[in-house]
Protein chains: 2
Amino acid sequence: MLSKNKIKFINSIKKKKYRDAHQVFFAEGEKLVDELLKADAKVLSIFATNEWIEKHQKKIDEKLIHYDIITNEELKKISALSNPNKVLAMVEIPQLKFNKKEIAQQLSILLDNVSDPGNLGTIIRIADWFGIKNIFCTKESVDLYNPKVVQATMGAIFRVNVHYIDFEKLLQEFSDIKGFTTYGTFLEGNNIYHEPLNRNGFILMGSESHGISKKWFPFIQQKLFIPYFPETNKSSESLNLSTATAIVCSEFRRRLF
Amino acid sequence: MLSKNKIKFINSIKKKKYRDAHQVFFAEGEKLVDELLKADAKVLSIFATNEWIEKHQKKIDEKLIHYDIITNEELKKISALSNPNKVLAMVEIPQLKFNKKEIAQQLSILLDNVSDPGNLGTIIRIADWFGIKNIFCTKESVDLYNPKVVQATMGAIFRVNVHYIDFEKLLQEFSDIKGFTTYGTFLEGNNIYHEPLNRNGFILMGSESHGISKKWFPFIQQKLFIPYFPETNKSSESLNLSTATAIVCSEFRRRLF
C-alpha cells in the first residue's frame with residue numbers, strides 16, 4: 001500500500017525544483033528499469049506490481065534494493081506515463097565530473113539551450129549508439145531528469161554522461177588543444193560529406209528555435225552543413241535538431257570504419 | 001464569431017473517421033499556414049486572428065480563400081495545439097496517384113506500420129530535405145492527417161507525397177526492375193557505410209516496436225545496418241525510427257555529392 005505522503009512525494013519529483021532539492025529522479029517501465037538494473041546507478045526504491053517483483057526478485061535482492069508492491073491503480077497515481085507499465089524506480093541523481101584529458105581525446109556533443117525533452121532524450125540515445133560518452137548542455141537547457149527526457153533515452157541515460165555547464169568556460173578551456181576541433185552546424189557551413197573531420201572535438205548544436213547563439217561563434221573552428229538534395233532545390237527550411245545531430249554523428253563515425 | 005456548429009465540426013476533424021468522411025484536414029500556426037499558402041493545396045477555409053488576417057490579406061484575397069476572423073479565445077476552442085498560434089486552416093485532402101515509371105527512377109521510403117505521429121512527421125521532413133518525393137505507408141500506419149503528424153512535418157507535408165498502400169502489391173510490382181533495389185535495415189545487415197547503394201530503390205523501415213514484418217523479407221534485396229561505435233561495444237539496443245531513417249537517407253544522398 002502506498003501512503004498519501006509517498007504518492008505526494010513521488011509526484012513532486014516530476015518537478016525540477018523537487019528533483020534538485022532531493023537529488024532524486026525516477027525511471028519508469030519494464031525496458032527502462034531493466035537498463036537501470038544493469039547500470040551503475042544508485043536505485044533508492046522500486047514501486048512495482050507483484051508480477052514485476054516476482055520476475056526480478058533475485059536481482060533486487062542481490063542489489064539490496066528496497067521495494068513496495070503496488071497495484072496498477074496505485075501505479076497510475078504516481079506514473080508520468082499515459083500507459084503506466086508495471087514499475088517505477090526512484091534513483092539518486094549522480095554527481096558527474098569529467099576529466100579534461102579524456103574529453104580532449106574524444107568526440108563530445110554540446111547542446112546550446114535544447115528545449116524539447118524528446119530531442120534531448122533522442123540525442124542521448126544517438127550518443128550511446130555512436131559511443132559518444134559525454135554531452136554538455138547550457139544551464140538553460142531542458143532538465144535531463146524531466147520524465148519525458150528519461151523515457152525518450154530508452155535507457156541510454158544510464159550510459160551517457162550529461163553535464164550542465166558554463167559554455168563560455170568550457171569552450172575557452174578547449175579552444176587551444178592540438179588535434180581537437182570545435183564544430184558547429186550552419187546553413188552557410190561547408191558540405192559535411194567532404195570536410196576533413198577530426199576524431200576528437202566538440203559538435204556544437206544550436207537550439208530548436210534559435211540555432212547556435214552568436215556568443216559561441218568565435219569558438220567555432222569549423223562550420224559544417226548537411227546538404228539538401230538536389231543542391232538546386234532547397235524547399236525545406238531545416239532538419240529537426242535530433243535528426244541533424246544523428247546525421248552529423250553518423251558522418252564522424254563513418255570516417256573511422 | 002464562430003458558431004457552435006462550426007466549433008463542433010472543426011473539432012470532429014481531429015478524428016480520422018471524420019477526416020475520411022469529409023476529406024478534410026487542418027493545419028495550424030503561422031509557420032505551417034505560411035508553407036500551406038505557398039503550396040499547391042486546396043485551402044477550404046481559414047480561421048485566424050485579426051492580426052494574422054491583416055498581415056496576409058493580399059495573399060488570401062488573391063487565392064480567393066474564405067476566412068473568419070476569430071479571437072484567441074475562439075482559437076483555443078478549435079486548436080489541437082497546447083499553445084494555439086494565430087491561425088488554423090481547413091484543407092482538402094488531396095487525391096494522390098503515382099506513376100510507376102517515375103517511382104522506378106527515384107528513391108522512396110516505405111514505412112511498415114509506423115505508429116508514432118512524431119516519427120511520421122519527422123520522416124516526412126527528412127524526405128523533403130533529401131529530395132525524396134514519395135513515402136509509402138502500410139494501411140495500418142498512423143494517419144498522415146493526424147494533427148500531430150501535420151505539425152511535426154513543419155510544412156514538408158505539402159511537398160512530399162505520402163501514399164497508403166498494399167505493400168504486397170507494391171513490393172511485387174517493383175521486385176524485378178533493373179537498377180532498382182529494395183533495401184531494408186536489419187541488425188544483421190551489412191555496414192551501410194561500405195555497401196554499394198543504388199540511386200533508385202525503396203528504403204523499407206520497420207515499425208517502432210516490431211521492426212520489419214517477416215512477410216516482406218522475401219522482397220528485400222539488400223540488408224543494411226547502421227554500425228554502432230566502437231564495433232566491440234554494443235550497449236544501445238537500437239536507434240529511434242526517425243533517427244535511423246535520417247542516417248540511411250543521408251548515406252544514400254552522400255554518394256551522389
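Take B:I78 and tell me if it is in contact with a helix residue (DSSP H, G or I) (Cβ under 9 Å, 6 or more places away or on another chain), free of Cβ contacts under 8 Å to residues at least 40 places away in the same chain and not polar (S, T, N, Q). Spelling it out, it is not the case that B:I78 is in contact with a helix residue (DSSP H, G or I) (Cβ under 9 Å, 6 or more places away or on another chain), free of Cβ contacts under 8 Å to residues at least 40 places away in the same chain and not polar (S, T, N, Q). Checking the stated criteria, A:G201 turns out to be within 19 Å of the chain's Cα centre (by Cα), of a type outside the set (S, T, N, Q) and not assigned by TED's automatic domain parsing to the domain that holds A:E35. Within segment B:178-192, does at least one residue satisfy the condition of being within 11 Å of chain A (Cβ to nearest Cβ) and out of contact with any helix residue (DSSP H, G or I) (no Cβ under 8 Å at 6 or more places or on another chain)? Yes, that holds for at least one residue. The single condition from (1) more than 17 Å from B:L241 (Cα to Cα); (2) surrounded by fewer than 16 Cβ atoms within 10 Å (Cβ to Cβ) that B:E188 fails is (1).
Hey, does segment A:242-251 have a residue that's in the same structural domain as A:E140 (by TED's automatic domain parsing) and assigned to a strand (DSSP E or B)? The answer is no; no qualifying residue exists. Within the set A:F47, A:F25, A:F9, the sole residue that is assigned to a strand (DSSP E or B), among the aromatic types (F, W, Y) and more than 18 Å from the chain's Cα centre (by Cα) turns out to be A:F47.
Rundown of residues vs (1) among the polar types (S, T, N, Q); (2) within 23 Å of B:N11 (Cβ to Cβ); (3) within 13 Å of chain A (Cβ to nearest Cβ), yes/no style:
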| site | (1), (2), (3) |
| --- | --- |
| B:K42 | no, yes, no |
| B:N50 | yes, yes, no |
| B:A89 | no, yes, no |
| B:I123 | no, no, yes |
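Here is the figure for segment B:84-96: residues that are part of a strand (DSSP E or B) and crowded, with 16+ Cβ neighbours inside 10 Å total 5.
Total residues in segment A:97-112 satisfying the condition of being buried (at least 20 other Cβ atoms within 10 Å of the Cβ) and among the polar types (S, T, N, Q): the figure is 1. Quick one: which of A:V87, A:V114 is among the aliphatic types (A, V, I, L, M), touching an Asp or Glu at 6+ places or on another chain (Cβ under 9 Å) and in the same structural domain as A:K8 (by TED's automatic domain parsing)? Testing whether each residue is among the aliphatic types (A, V, I, L, M), touching an Asp or Glu at 6+ places or on another chain (Cβ under 9 Å) and in the same structural domain as A:K8 (by TED's automatic domain parsing) leaves just A:V87. Checking each residue in segment A:186-214 for being more than 13 Å from A:F252 (Cα to Cα) and part of a loop (DSSP other than H, G, I, E, B) picks out A:G206, A:E208, A:S209, A:H210, A:I212, A:S213. Just need a number here: residues in segment A:7-57 that are among the charged types (D, E, K, R) and in contact (Cβ under 8 Å) with a residue 12 or more places away in the chain. Number of matching residues: 12. For segment A:130-164, the candidate set comprises residues that are assigned to a loop (DSSP other than H, G, I, E, B), hydrophobic (A, V, I, L, M, F, W, C) and within 14 Å of chain B (Cβ to nearest Cβ); within that set, the residue that is surrounded by the fewest Cβ atoms within 10 Å (Cβ to Cβ) is A:M154.
Taking the residues in segment A:227-255 that are at the interface with chain B (Cβ under 7 Å from one of its Cβ atoms) and among the aliphatic types (A, V, I, L, M) as candidates, determine which candidate is surrounded by the fewest Cβ atoms within 10 Å (Cβ to Cβ). Applying the filter and picking the extreme gives A:L239. So, A:F217, is that one out of contact with any Asp or Glu (no Cβ under 6 Å at 6 or more places or on another chain), more than 21 Å from A:I126 (Cβ to Cβ), modelled with pLDDT of 90 or more and not in a helix (DSSP H, G or I) or not? Taking the combined requirement at face value, the residue does not satisfy it. State yes or no: is A:K100 at pLDDT 95 or above, out of contact with any Pro (no Cβ under 6 Å at 6 or more places or on another chain) and either more than 14 Å from chain B (Cβ to nearest Cβ) or within 18 Å of A:K8 (Cα to Cα) (or both)? In short, yes.
Across segment B:97-129, the number of residues qualifying as assigned to a helix (DSSP H, G or I) and not hydrophobic (A, V, I, L, M, F, W, C) comes to 10.
Checking each residue in segment A:62-83 for being among the hydroxyl-bearing types (S, T, Y) and exposed (fewer than 12 other Cβ atoms within 10 Å of the Cβ) picks out only A:S82.
The values are calculated or read from the model by the stated rules, or taken from the named source; none is laboratory data. These figures come from a predicted structure and were not determined experimentally. No Cβ is skipped: glycine too gets one built from the backbone with ideal geometry, and neighbour counts run over all protein chains shown.
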